[in-house]
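> Sharing a structure below in structure tokens format, with a few things to ask.
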Amino acid sequence: MGRPLRSAAVIALAGLFTAAGVTSVQAAVVDEGVTPPTPVESSTGRYIVVLDEAPVATYDGGEQGLRATKSDDARLDTDSDAVREYSAFLEQRQQDVAAEAGVDADYSYTLAVVPDEIRHPAAVPSTEFLGLEGDGGVWQKVGGIDAAGEGVVVGVIDTGIAPENPSFAGDPLGTTPGDQPYLDGNDVVYRKADGTDFRSPRVATGDGWSVDDYSTKLVGARYFDQGAAATGFTFEADYHSPRDGDAHGSHTASTAAGNNGVEASVEGIDFGAISGVAPAAKVAAYKACYSGPDPLVTTDDVCALSDLLGAINAAVADGVDVINYSIGGGAATTTLALEDAAFFNAAAAGVFVAVSAGNSGPDASTADHASPWYTTVAASTIPTYEGTVKLPNGFQAAGASVSVRAGEDVTGPVVYAGDIAASGADSADAALCLLGSLDAAQAAGKIVVCDRGQNARIEKSQAVKQAGGIGMILVNVTPASVDNDFHSVPTVHIDARYRDDLLAYVQGTPDATATLVGENVTGAETPTPQVAGFSSRGPMLADGSDVLKPDISAPGVAILAAAANAEGAAPTFEFLSGTSMSSPHIAGLAALYLGSGRWPRPLR
């Protein structure tokens, strides 16, 4: 997948490849002139091998007959003769080591050998809240909506893309070079605002994908799956192609650079027009994450580190200007993970990188991505769709809701789920509204209060409906986000600070009743922006680091954007929350900046 000079093994990490069945590996940095330590035994498995030579992005000379490829003043030109020659050298070095892997390999020029690992994807319009729209808005200042990100390619490393979604609509590709993307053989080529070319090969038709899915908007779509396959992942619930089977990738891509004026509806409810932050930018999707068979959990999803590194290298080699990386592996323990090294070299090639901070807050030192050469993004709130829980004693609590319609209040008896456990069910399970845990005789015709935690939020409302309930009050047990999900019964999701007063009334009042209202009628405006409770915090403790992270926050709660659909099916949209949703806002803002003609020097 790709031309030799753009090998995913040489641009951002020299000699990156994976070896299965390696039984003797050395995981130590080897300096020139130093005798490497004796290789140590390691279990058979899949390993990522990184060679000691500098990658194309940072090579400043030293190999006999090979000119420097690093540029201090301009973007990396991957089509130059120097890059071609040095790439060929690195590829030969890679092949030599690969041929030796598992036998008596000479590791004197190996930087590191590490086991492959698994990562996971870390969801009033945010563009209006950020001041992009309207008179005096940022879009107007950069030349209007049609110029907002023009000439820039945003690369999204994620779960793939839904090409039919109008957020990614473009014209069919022609074959004549010009201002718009075009086909050169099987490659999509686009002359960017900085004068260099984006060039990416099309993936062959198959498994929900067609070569006709590429357009003047969606200029790149590739997938990386060898690492996932090596784990035994079967792809039974996802596509073996760039098509998005999850929605996460389409959501992040449309948030960063989706078209303007796209009408979005969810479950038959029209939410008006949405837009990406940089609607004139082009989109390139690099799929490295795959969904498992259970849509309600993420534990069976796979983002193999080797696939992610392949995607990073390919994105830089293709010529993207911005990378969004809404992927994480938990609190950072080092500033030099392999992703960090790859992103360092991406920055050296002139690529701006936005990454998600993670969703492990609000505790301190929980943030992922500790290095200073990319922008780590926390999640904050924006004005969103709200409902209200009202009790006869005067209690009122505003919360997130898109399932209670305005003007269609829901009133009825109210019970706490933990008090109506089904026969044989544990009261703790009932409190969480696990499927089958509620006594139908006590839930029927009632509004049920469910605690957040353990199972998916939408599963809780399924349990209430299954037991005959007519509504749900979803309440946080600890500080966290309140989320706009589409529930099986009308639902308002409220914050933990209301829980004690709510339960005091519900459990202490005979014949207690409640009303769910489809708007905020408390008279108090919910303050925004606020850092979301789930958003991971600093300070970073990795490697004794003194780098303050996250660097910035952006909208990441109840973000409406594109979702997944099967080939030929109607496009869909979805509300999602997370730092995965905040990071693409910053990626989009970077595209706006670059599209305005401000091209910073590559990282030195």
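> What percent does the relative contact order of the range 485-604 come to when contacts are Cα pairs within less than 8 Å and at least six residues apart?
Details: 73 pairs, mean separation 18.4, N = 120.
With pairs under 8 Å counted, the relative contact order is 15 percent.
> Which distance in Å, rounded to a whole number, links the C-alpha centroids of the range 410-443 and the range 531-588?
Cα centroid of the range 410-443 versus Cα centroid of the range 531-588: 33 Å apart.
> Now a separate question. When ranked by the protection proxy of mean other Cβ atoms within 10 Å per residue, highest first, what sequence do the peptides 583-594, 361-372 form? Working shown, then result.
Values: 583-594: 28.8, 361-372: 20.8.
Taking the mean over residues of other Cβ atoms within 10 Å, the ranking is 583-594, 361-372.
> Extension gain W373-L336, at 0.36 nm per residue separation less the Cα-Cα distance, in nm? Walk me through the numbers before you get to the answer.
Numbers: separation 37, 0.36 × 37 = 13.32 nm, distance 1.11 nm.
Answer, rounded to one decimal: 12.2 nm.
> Follow-up question, since we're still on this one. Based on alpha-carbon atoms only, what is the radius of gyration of the range 545-604 relative to the globular estimate 2.2 N^0.38 Å? Before the final figure, lay out the partial values.
Working: Rg = 16.2 Å, N = 60, 2.2 N^0.38 = 10.4 Å.
Against the compact-globule rule of thumb, the ratio is 1.55.
> Taking a ≥ b ≥ c as the square roots of the Cα gyration tensor eigenvalues, with a/c under 1.5 meaning rounded and otherwise prolate when a/b beats b/c, else oblate, which class fits the range 423-463? Don't skip to the end; give the middle numbers.
Details: a/c = 1.84, a/b = 1.21, b/c = 1.51.
It is oblate, given that a/c is not under 1.5 and a/b is not larger than b/c.
> Pairs of Cα atoms under 8 Å, at least six residues apart: use those to get the relative contact order of the range 386-517, whole percent.
Numbers: 338 pairs, mean separation 43.0, N = 132.
In percent, rounded to a whole number, it is 33.
> Output the peptides 382-389, 253-260 sorted from most to least packed, where packing is the average of other Cβ atoms within 10 Å over each peptide's residues.
Numbers: 382-389: 23.0, 253-260: 29.6.
Ranked by mean Cβ neighbours within 10 Å, highest first: 253-260, 382-389.
> Spin-label point model (7 Å from Cα, Cβ direction): what's the S80 to F486 distance in nm?
So the two model labels end up 5.0 nm from each other.
> If packing is taken as the average count of other Cβ atoms within 10 Å, what order do 461-470, 520-529 fall into, highest mean first?
Descending packing order for the listed peptides: 461-470, 520-529.
> How far is the Cα center of the range 292-337 from the Cα center of the range 449-480, in Å?
31
> Taking a ≥ b ≥ c as the square roots of the Cα gyration tensor eigenvalues, with a/c under 1.5 meaning rounded and otherwise prolate when a/b beats b/c, else oblate, which class fits the range 386-517? Write down the numbers at each step before the final one.
Values: a/c = 1.32, a/b = 1.21, b/c = 1.09.
Here the range 386-517 falls in the rounded category.
> In whole Å, how far is the Cα centre of the range 169-191 from that of the range 228-276?
Centre-to-centre distance over Cα atoms comes out at 24 Å.
> How high is the relative contact order of the range 319-376? Use alpha-carbon pairs under 8 Å, at least six apart in sequence, and give a whole percent.
On the way: 89 pairs, mean separation 25.6, N = 58.
Dividing the mean separation by the residue count of the range 319-376 yields 44 percent.
> Which distance in nm do the two modelled labels at D300 and T509 give, with both placed 7 Å along the Cα-to-Cβ direction?
Simple spin-label model gives 4.2 nm for this pair.
> Can you figure out the FRET efficiency of Q92 with D184, using R₀ = 25 Å and their beta-carbon distance, to the nearest 0.05?
Details: r = 27 Å, r/R0 = 1.06.
So the FRET efficiency works out to roughly 0.40.
Quick note: the coordinates plus some simple rules give every number you see, no bench work behind them. As the structure is a computational prediction, the values presented were derived from the model and not from experiment. All Cβ positions, glycine included, derive from the backbone under ideal geometry; neighbour counts span all protein chains shown.
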